[in-house]
Amino acid sequence: MPSTADVVSRETDWLNTAGDGLPALNTSAGGPFGVVSGYWPRTPATMKTSLYVTRTQVSEERTAHIRIMARHRMVLHALWPLNNSGGSAEADQQNLDDAIEATLARIRGFPHDHSHGGRFLSAGENPGMVTVAFTPASETVSLGIFKATITYSVDDFELFA
């Protein structure tokens, strides 16, 4: 049985999945991100498009007398360096938008199956909201990078307690 300690690795595995009909995210499979990794590294890759999987919260809800379900608040950090060969910041911002769209499609999952390949009871379903927050480009373009965060919840398998 999976534990609350491996939720980041289970979600990272899902985001690295390719060849299943949903958009691939890792460049090795034709996706937009050079790095799709669990947790925030000591030194993030500054010249690679990156997607880091973290979580900010876990809450346990008693669903019945002896059952508890953990809900995790996931946060994906998308970093997109300004690296368009033509020097166009606008093109890189559009590329980030396209990468976010592919990520949202992977989070949505398949119609009628939002379990991320059986890794969770559901993902992005309860409270039914996936949020994307873009850091204003005016604040980051001088740093040579664009940033966005995607937040959503995953409901884990019930535990008996």
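Here are a few things to note about the model shown:
- Charging the Cβ of each Asp and Glu at -1 and of each Lys and Arg at +1, and nothing else, the dipole of the chain about its Cα centre rounds to 360 debye.
- Estimated at the nearest 10 Å², the accessible area of Met47 is 130 Å² with a 1.4 Å probe.
- Accessible surface of the chain [probe 1.4 Å, protein heavy atoms]: carbon and sulfur percent: 53
- The residues of the chain expose, per residue, 51 Å² of accessible area to a 1.4 Å probe.
- Heavy-atom accessible area ranking, 1.4 Å probe, most first, across Arg67, Arg42: Arg42, Arg67
- Cα gyration tensor category, rounded, prolate or oblate, for segment 1-43 with a/c compared to 1.5: oblate
- Diagonalising the gyration tensor over the Cα atoms of segment 86-161 and scaling each eigenvalue by 5 before taking the square root yields semi-axes of 33, 14, 9 Å, largest first.
- Across Asp20, Asp92, the residue with the most accessible area heads the list, and the full order at a 1.4 Å probe is Asp20, Asp92.
- Over segment 1-145, the reciprocal of the mean inverse Cα-Cα separation, the Kirkwood hydrodynamic radius, stands at 16.5 Å.
- Of the whole protein surface, Glu61 contributes about 90 Å² of accessible area at a 1.4 Å probe radius.
- Leading residue at positive end of dipole, segment 10-63 (Cβ point charges), from Thr49, Ser28, Leu15: Thr49
- For segment 13-69, the square roots a ≥ b ≥ c of the C-alpha gyration tensor eigenvalues yield an a/c of 1.5 or more together with a/b not exceeding b/c, which makes the shape oblate.
- Residue separation of Lys48 and Ala102 scaled by 0.36 nm, minus their Cα-Cα distance, works out to 17.7 nm of gained length.
- Ligands, DNA and RNA excluded, the heavy atoms of Tyr39 present near 120 Å² of accessible surface to a 1.4 Å solvent probe.
The values are calculated or read from the model by the stated rules, or taken from the named source; none is laboratory data. This is a predicted model, so every value here is computed, not measured. Positions of Cβ are backbone-derived with ideal geometry, glycine not excepted, and every protein chain shown enters the neighbour counts. SASA here: full protein model, heavy atoms, side chains in, ligands and nucleic acids out. Shrake-Rupley method; radii C 1.70, N 1.55, O 1.52, S 1.80 Å.
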